[in-house]
Amino acid sequence: MTNGSYSANIPLKDGISDESYASVFRPIISSIMQFYNPSAIVLQCGADSLAGDRLGVFNLSSKGHAACIEFVKSFNRPLIVLGGGGYSIRNVPRAWCYETSLLLNHELSEGA
């Protein structure tokens, strides 16, 4: 019996948008899910990919970032979601609060 962990690191261009990111994320995650068929998923979600981050170079919105979590959630596997990265005091708590609400099936309004 093999007991291992796996990760995928995909280089992306600076300034990537929600749409471009999703066009890469979805097929890669789908392929990974099909190939490995994991019994559980640990998803590390760096908020430094959000637009306006002081150190990050991507241009994702909170909704675009959260859409990736929703996609992984759609595989209906036990899921641990971890925060990480994010260097804007305004972006990080809002993104993680919104994403936590989606994980709990209680979507918050935009102004919350």
- Go through the range 9-26 and give me each residue that's more than 14 Å from the chain's Cα centre (by Cα) and exposed (fewer than 10 other Cβ atoms within 10 Å of the Cβ). Pro11, Lys13, Asp14
- Item | the range 1-32, residues that are within 17 Å of Val57 (Cα to Cα) and modelled with pLDDT under 90 | Asn9, Ile10
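Going through the range 27-51 one residue at a time, which ones are part of a loop (DSSP other than H, G, I, E, B) and either of a type in the set (Phe, Trp, Tyr) or loosely packed, with under 11 Cβ neighbours inside 10 Å (or both)?
Step one: list which residues in the range 27-51 are part of a loop (DSSP other than H, G, I, E, B), which gives 37-40, 51.
Matches in the range 27-51: Asn37, Ser39, Ala40.
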- Filtered residue count, the range 1-26, keeping only those that are in a loop (DSSP other than H, G, I, E, B) and either free of Cβ contacts under 8 Å to residues at least 40 places away in the same chain or charged (D, E, K, R) (or both): 13
- Message: Return the pair list, or none, for Cβ contacts closer than 7 Å from residues in the range 84-99 that are over 11 Å from Gly52 (Cβ atoms) to residues that are among the acidic types (Asp, Glu) and surrounded by 13 or more Cβ atoms within 10 Å (Cβ to Cβ), at least 6 apart or on different chains.
- Response: Gly85/Asp48
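The values are calculated or read from the model by the stated rules, or taken from the named source; none is laboratory data. All values reported here derive from a predicted model rather than from experimental measurement. Cβ sites come from the backbone with ideal geometry, for glycine too, and all protein chains shown count toward neighbours.
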